[in-house]
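Take a look at the structure below.
The values are calculated or read from the model by the stated rules, or taken from the named source; none is laboratory data. Note that the coordinates shown come from a computational prediction; the quantities given were computed from them, not determined experimentally. Please note: Cβ atoms are built from the backbone with ideal geometry, for glycine as well, and neighbour counts cover all protein chains shown. Ligands, DNA and RNA are stripped out before the accessible areas are found, and what is left, the full protein with its side chains, is counted by its heavy atoms. Shrake-Rupley method; radii C 1.70, N 1.55, O 1.52, S 1.80 Å.
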Amino acid sequence: QVQLVESGGGSVQAGGSLRLSCATSGGTFSRYGMGWFRQASGKEREFVAGIRRSVQGTRYRDSVKGRFTISRDNAKNTVYLQMNALKPEDTAVYYCAADRQLELRTDAKFYDYWGQGTQVTVSS
């Protein structure tokens, strides 16, 4: 069983930055594709960014391209989400998730393991 623990959330003003981390345990981290999702109050969970097992291959939702960067450190069993130029519409609970399959997928239903989430609040 894989455990995921997010950290790094908080409250920032628009234009600010945050770096989320997701530490994993209980599995072979390098075998999992990793994704970041978010869920705003009253809305469905949505894909934010994903990264392949081998690091070579990332994907982002259009609204965060150029502002967010996903990365992973397989030696530390950790995936990161660097968020710059934050906007109020980025406010949500952010979740990391692990996918056992090779494909880099954007649908939350395909991810096997989830963290508990970390709140990100961006004020205008």
Checklist outcome for this item: Looking only at aspartates and glutamates whose Cα falls under 17 Å of K87's and that sit 8 or more positions away or on another chain, we get E46, D62
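Assuming R0 = 30 Å, what is the FRET efficiency of R31 and R61, from their Cβ-Cβ distance, to the nearest 0.05? Please list the in-between numbers first.
Details: r = 25 Å, r/R0 = 0.82.
It comes out at approximately 0.75.
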Checklist outcome for this item: For the chain, the accessible surface attributable to carbon and sulfur atoms (probe 1.4 angstrom, ligands and nucleic acids excluded) amounts in percent to 43
Item to check | Where only alpha carbons of region 16-124 are counted, the Rg and the Dmax (Å) | outcome: 13.0, 40
Checklist outcome for this item: Note on region 1-69: contact order normalised by length, alpha-carbon pairs under 8 Å, 6 or more apart, percent, works out to 21
Next on the checklist: In Å², and per residue, what accessible area does region 1-101 have when probed at 1.4 Å with the other protein chains present?
Outcome noted: 50
Item to check | Mean projection area, nm², convex hull over Cα of region 65-124 | outcome: 5.1
Next on the checklist: Suppose the chain between K87 and L102 were pulled fully straight at 0.36 nm per residue; how much longer would it get relative to their current alpha carbon spacing?
Outcome noted: 2.2 nm
